[in-house]
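Single-structure report; data block below.
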């Protein structure tokens, strides 16, 4: 029997705050990597609906509370403690890991190992979340639509763009919309829009203006789009979750670990950059093959174990760990 869902929208204990901080860290680490969505991590770790509802609470009522200096009521209304804990984790991940993950993504072997781990995470999330969907014709259609859309998005070829403030704001709005959808990576959207290298470099070099412009766009975009998602989850929950599972299935194409570059160019720093690639069969005799397999399995088991710890109904672990 499934356990009652833990209420994280109003965290009270140190354990709940730590869980939210670590969840935010996982979301931030995912969002840095093109092809992996922070929304997927939120979904996997059980805070997705709480996060969407908390963002949606930035409304006219919240503005009235702010004008009336009803600070305590405002904090409760917008679930500020949840947002601060998640935000702190995301910010910590970006500050601590942006340089490391950027270097790892530039190394062929490191990229393979990183994507193997994330592939296992996303594959497990498909299993755990898909098991909660009541599958019928409508949910199956939603799943197919989500899969096709995500597959199409991740196969777009990145373009070059200017980095003016209006373009950065608009890019932030589009990227954050993708970022909170499981399976569609906000950082990959930035890559398609020609902004990823520029923004990641700005974060690594503590160049604040570009980061602020993107953050402004992200703030506007997430407040607007969260209302759409909240409505869909409230009124069409089963079909919406099936759609989100489809997004994750479609995204697997992009994070398949073993790939061959088909189209490349040189970025503004003079470094090689792959614009389009395709999956290839892995070389079982290579130095990194078995390490990648271990990381893939570790990611898969980790998500299923976390899900089982929360629900006691995970399809993989319910017979192994009753």
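Just so you know, in the stretch 78-111 the residues that are more than 22 Å from residue 176 (Cβ to Cβ) and touching a helix residue (DSSP H, G or I) at 6+ places or on another chain (Cβ under 7 Å) include one that is surrounded by the most Cβ atoms within 10 Å (Cβ to Cβ), and it is 111. Please determine whether any residue of the stretch 113-130 is surrounded by fewer than 20 Cβ atoms within 10 Å (Cβ to Cβ) and over 27 Å from residue 291 (Cα atoms). There is at least one residue in the stretch 113-130 that is surrounded by fewer than 20 Cβ atoms within 10 Å (Cβ to Cβ) and over 27 Å from residue 291 (Cα atoms).
Just for the stretch 254-270: of the residues that are modelled with pLDDT of 80 or more and in a strand (DSSP E or B), which one is farthest from residue 289 (Cα to Cα)? Among residues in the stretch 254-270 that are modelled with pLDDT of 80 or more and in a strand (DSSP E or B), the one farthest from residue 289 (Cα to Cα) is 260.
The set of residues from the stretch 44-79 being modelled with pLDDT under 80, within 14 Å of residue 24 (Cα to Cα) and in a helix (DSSP H, G or I) comprises just one member, 44.
Do you know which residues across the stretch 58-79 are more than 21 Å from the chain's Cα centre (by Cα) and touching a residue at least 12 places away in the same chain (Cβ under 8 Å)? Matches in the stretch 58-79: 58, 61, 62, 65, 74, 76, 77, 78. Residue 146 falls short on exactly one of the conditions (1) assigned to a loop (DSSP other than H, G, I, E, B); (2) more than 15 Å from the chain's Cα centre (by Cα), and that condition is (1).
Note on the stretch 281-300: residues that are surrounded by 14 or more Cβ atoms within 10 Å (Cβ to Cβ) and free of Cβ contacts under 8 Å to residues at least 12 places away in the same chain total 2. In the stretch 152-253, counting only helices (runs of 4 or more DSSP H) that sit wholly within it, the ones holding 3 or more residues that are surrounded by 22 or more Cβ atoms within 10 Å (Cβ to Cβ), within 18 Å of the chain's Cα centre (by Cα) and at pLDDT below 80 span 186-192. Among residues that are farther than 27 Å from residue 229 by Cβ, in a helix (DSSP H, G or I) and in contact (Cβ under 8 Å) with a residue 40 or more places away in the chain, residue 82 is not included.
The values are calculated or read from the model by the stated rules, or taken from the named source; none is laboratory data. Predicted, not measured: the structure shown is a model, and the values here were computed from it. Heads up, the Cβs are rebuilt from the backbone with ideal geometry, glycines too, and the neighbour counts pull from every protein chain shown.
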